[in-house]
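Working notes, structure below.
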Amino acid sequence: DTAVSQTPKYLVTQMGNDKSIKCEQNLGHDTMYWYKQDSKKFLKIMFSYNNKELIINETVPNRFSPKSPDKAHLNLHINSLELGDSAVYFCASSLGSNQPQHFGDGTRLSIL
Amino acid sequence: GEDVEQSLFLSVREGDSSVINCTYTDSSSTYLYWYKQEPGAGLQLLTYIFSNMDMKQDQRLTVLLNKKDKHLSLRIADTQTGDSAIYFCAETPYSGAGSYQLTFGKGTKLSVIP
């Protein structure tokens, strides 16, 4: 039983395209997150949602738009993909914003 | 601002103990975490410690917290080749409006020599 699942696991696409990454959690958690891990393995938060409402929005280009249709899902849509968007994107969830976060396996995005 | 520091590399022999150290800056962190990332894999929550504790032990893992010095360490006893991974320390400073933000160090790559 996968707790936090992301799809796709790998995404290879061309510059300028628009793509989406989906995330679902079956833990009953209220808070969900998106993180970006760069080529040097540095992890940085992008967004945080609590009960479908945005609570953290770090300095991320407007081309990135999160959408939370319900508490169990937080999807990430990226417009006009750029070379610098190549990274691993992790979804995570927690019971509350100050509770341990559980991560998905990541989506490896490569821009050609 | 928030800043979590860890050494980037650690190499140990199989069977020895590994100690990974971390310093953090924000005293408002309620929990401090250790995550493990194996090559090509996601982040696994390894263990965490509540800020009012000094020590937490879980099988081969021992976490020590020195709040005065803002120093966190992870000790792995009887290190195995399967422990080879990147270990991330993380703090959770308060970021306002009732929310806490998980802030990671750059990770320590542990290499276990057979």
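The values are calculated or read from the model by the stated rules, or taken from the named source; none is laboratory data. Predicted model, so just to flag it, every value in this text is computed and none were measured. Don't worry about glycine lacking a Cβ; one is built from the backbone with ideal geometry, like all the others, and counts go over all protein chains shown. SASA here: full protein model, heavy atoms, side chains in, ligands and nucleic acids out. Shrake-Rupley method; radii C 1.70, N 1.55, O 1.52, S 1.80 Å.
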Exercise for review: Can you give me the ranges of the strands (runs of 3 or more DSSP E) entirely in the stretch A:16-112 with at least 3 residues that are under 18 Å from B:Ala90 (Cα atoms)?
Suggested key: A:31-37, A:43-50, A:87-94
Point to revise | Filtered residue count, the stretch B:66-95, keeping only those that are open to solvent by less than 20 Å² (accessible area, probe 1.4 Å) and either part of a loop (DSSP other than H, G, I, E, B) or free of Cβ contacts under 8 Å to residues at least 12 places away in the same chain (or both) | key: 3
Check your understanding: Limited to the stretch A:30-53, what total is found for residues that are open to solvent by 20 Å² or more (accessible area, probe 1.4 Å) and more than 21 Å from A:Ala87 (Cβ to Cβ)?
Key -> 5
Check your understanding: Within the stretch B:31-38, is even one residue of a type in the set (Lys, Arg) and either under 22 Å from A:Val88 (Cβ atoms) or open to solvent by less than 50 Å² (accessible area, probe 1.4 Å) (or both)?
Key -> yes
Check your understanding: Does at least one position in the stretch A:4-25 carry a residue that is away from chain B (no Cβ under 14 Å), more than 27 Å from B:Lys106 (Cβ to Cβ) and open to solvent by less than 30 Å² (accessible area, probe 1.4 Å)?
Key -> yes
Practice item. Quick one: count up the residues across the stretch B:101-110 that are open to solvent by 50 Å² or more (accessible area, probe 1.4 Å) and not in a loop (DSSP other than H, G, I, E, B). Key: 1
Point to revise | Residue check for B:Phe9: within 14 Å of another protein chain (Cβ to nearest Cβ), surrounded by fewer than 13 Cβ atoms within 10 Å (Cβ to Cβ) and at pLDDT 95 or above | key: yes
Practice item. Go through the residues of the stretch B:45-56 one by one and say whether even a single one is assigned to a strand (DSSP E or B) and farther than 30 Å from A:Gln6 by Cα. Key: yes
